[in-house]
Ligand SMILES: NC(=O)C1=CN([C@@H]2O[C@H](COP(=O)(O)OP(=O)(O)OC[C@H]3O[C@@H](n4cnc5c(N)ncnc54)[C@H](O)[C@@H]3O)[C@@H](O)[C@H]2O)C=CC1
Ligand SMILES: O=C(CO)COP(=O)(O)O
C-alpha cells in the first residue's frame, strides 16, 4: 500500500499512476469532498476528466501507514509544516516523500528539511522533476528524480515509485534536487513576465540561461552537485516550466507582465519561494539578481521593464 497525502492536482495524479502497481490510499482533509471523489471516481475540482482506478481509495480518515510503507506528501511547500504539525504522529516510521517544490517562507528550509525538523527519525526524501499532473494522470510518459540521502533505501523506494508511465531516476543529492525544483518556479515567473510584457523570446532565453546559472551558483554554495542541476529536477524542469502555458508559475508571470489580475487561489509555489530565497540571499550575503528581481515583481515593487533594465545594466562580465 502507498499513501498519498493531499488530493490536489499532483497528489491525485501520482496516486492514479501509482495505482497501476497496486493499492493506493489518497487522503484529503475535507470529508465531503473525499466522499464525493470516492463515489464519483473523479477529482472534478483539481483533476477533471481523469477516472480514478478501482484500487485507489479516497478518504478523509487519516490512514496509519505500516513500517516500510511509503507516504507521499503532496501538499504545497508553504502548507507542509502545518500539515505535519497536525498529523505527523499518525504517519508512523516509514519513509516520508515530499512531492512539492519550494523553500519555506520565514525559515528558508527545503521540504525534506521541514519534514526532518518535525520528524527527526526515519527517511525523508523528495520526488521531483518535469511533470504536469494532467500528463502523469493520463498515462503520458514522464521521467522524475527521486532524491534520498540513503542510497540503499533510495534504491528500493525508486523501484516502488516507478510506474508504467513514470521512469524514476535516483540520486543521493537531495540538496541539488530541492534547489533545482524550487528555483525553476521562480525563473518561470520571470520568463512569464517577460513574455507577458512583450519583451520577446530572445529575452526569455537570456533570462532562462542566466537564471540557470544563478540556480547552479546558489545550489552549489549549499552543497549541491552540478550534475543534479543539469538533470531532470533542475534543467529539465526549468525548460518545461519556463516554456509551457500549462505551468501556473509561468502563467502567473504572464499576468504580471500584462498587468492582469491572477486568481489568488491557484497554487504558485515560485512566488513565496522568490521571497524566501531573496531573504536567504540577504542573510548569507549571496548575489541572486534574477531571484531578487522576481521577488520585486511578485511583491509589486518593480515593473517588468525596470527589472529587465536592472538586470541588463549590471557590470559586464565573463559568461
Ligand atoms: N500540478 C502539477 O502539475 C505539479 C505540481 N507539483 C507540486 O505539487 C505540490 C502540490 O501542488 P498541486 O497538487 O498542483 O496543488 P493544488 O493547488 O492542486 O492542490 C493543493 C492541495 O493541498 C491541499 N492542502 C493545502 N494545505 C493543506 C493542509 N494543511 N493539509 C492538507 N491538505 C492541504 C489543498 O486542499 C489542495 O487540495 C506543489 O509543490 C507543486 O509544485 C509538482 C509537479 C507537478
Ligand atoms: O512543477 C511543475 C512541472 O514540473 C508544475 O508547474 P506549475 O506549478 O508551474 O504548474
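Summary of values
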read-out: Any hit, region 71-79, residues being closer than 23 Å to residue 132 by Cα, assigned to a strand (DSSP E or B) and without any contact (Cβ under 8 Å) to a residue 60 or more places away in the chain; value: no
read-out: Region 212-228, residues that are surrounded by fewer than 24 Cβ atoms within 10 Å (Cβ to Cβ) and outside any loop (DSSP other than H, G, I, E, B); value: 212, 213, 214, 216, 217, 218, 220, 221, 226, 227
read-out: Residues satisfying the stated conditions in region 148-173, i.e. in a loop (DSSP other than H, G, I, E, B) and over 14 Å from residue 94 (Cα atoms); value: 149, 162, 164, 165, 172, 173
read-out: Odd one out for residue 61 among (1) in contact with a strand residue (DSSP E or B) (Cβ under 7 Å, 6 or more places away or on another chain); (2) without any contact (Cβ under 8 Å) to a residue 60 or more places away in the chain; value: (1)
read-out: Test for residue 205: is it without any contact (Cβ under 8 Å) to a residue 24 or more places away in the chain, part of a helix (DSSP H, G or I) and either outside the structural domain of residue 142 (by TED's automatic domain parsing) or exposed (fewer than 14 other Cβ atoms within 10 Å of the Cβ) (or both); value: yes
read-out: Which listed residue is closer than 22 Å to residue 298 by Cβ, outside the structural domain of residue 127 (by TED's automatic domain parsing) and within 13 Å of ligand 1 (Cβ to nearest atom), from 246, 254; value: 246
read-out: Total residues in region 128-141, condition assigned to a helix (DSSP H, G or I) and within 19 Å of residue 180 (Cα to Cα); value: 1
read-out: Unique match (being more than 16 Å from residue 11 (Cβ to Cβ) and either in contact with a helix residue (DSSP H, G or I) (Cβ under 6 Å, 6 or more places away or on another chain) or modelled with pLDDT of 95 or more (or both)) among 90, 78; value: 90
read-out: Residue in region 1-20 that is farther than 22 Å from residue 124 by Cβ, surrounded by fewer than 14 Cβ atoms within 10 Å (Cβ to Cβ) and touching a strand residue (DSSP E or B) at 6+ places or on another chain (Cβ under 9 Å) present; value: no
read-out: Region 101-127 - residue that is within 21 Å of residue 10 (Cα to Cα), part of a loop (DSSP other than H, G, I, E, B) and out of contact with any strand residue (DSSP E or B) (no Cβ under 7 Å at 6 or more places or on another chain) and, of those, nearest to ligand 1 (Cβ to nearest atom); value: 102
read-out: Matching residues, region 5-20, being under 13 Å from residue 47 (Cα atoms) and assigned to a loop (DSSP other than H, G, I, E, B); value: 6, 7, 8
read-out: Qualifying position, being surrounded by 15 or more Cβ atoms within 10 Å (Cβ to Cβ) and in a loop (DSSP other than H, G, I, E, B), among 240, 199, 144; value: 199
read-out: Failed item in (1) more than 17 Å from the chain's Cα centre (by Cα); (2) within 16 Å of ligand 2 (Cβ to nearest atom), with residue 231 passing the rest; value: (1)
read-out: Selected residue [in a helix (DSSP H, G or I), touching a residue at least 12 places away in the same chain (Cβ under 8 Å), more than 30 Å from residue 306 (Cα to Cα) and within 13 Å of ligand 2 (Cβ to nearest atom)] from 182, 177; value: 177
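Conditions tested, residue by residue: (1) touching a residue at least 12 places away in the same chain (Cβ under 8 Å); (2) over 29 Å from residue 244 (Cα atoms).
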| residue | (1), (2) |
| --- | --- |
| 68 | yes, yes |
| 81 | yes, yes |
| 86 | no, yes |
| 94 | yes, yes |
| 111 | yes, no |
| 126 | yes, no |
| 131 | yes, no |
| 134 | yes, no |
| 147 | yes, no |
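The values are calculated or read from the model by the stated rules, or taken from the named source; none is laboratory data. Here the structure is a predicted model, which is why all the values come from computation and not from measurement. Because the Cβ atoms are built from the backbone with ideal geometry, glycine has one as well, and the counts that use them run over all protein chains shown.
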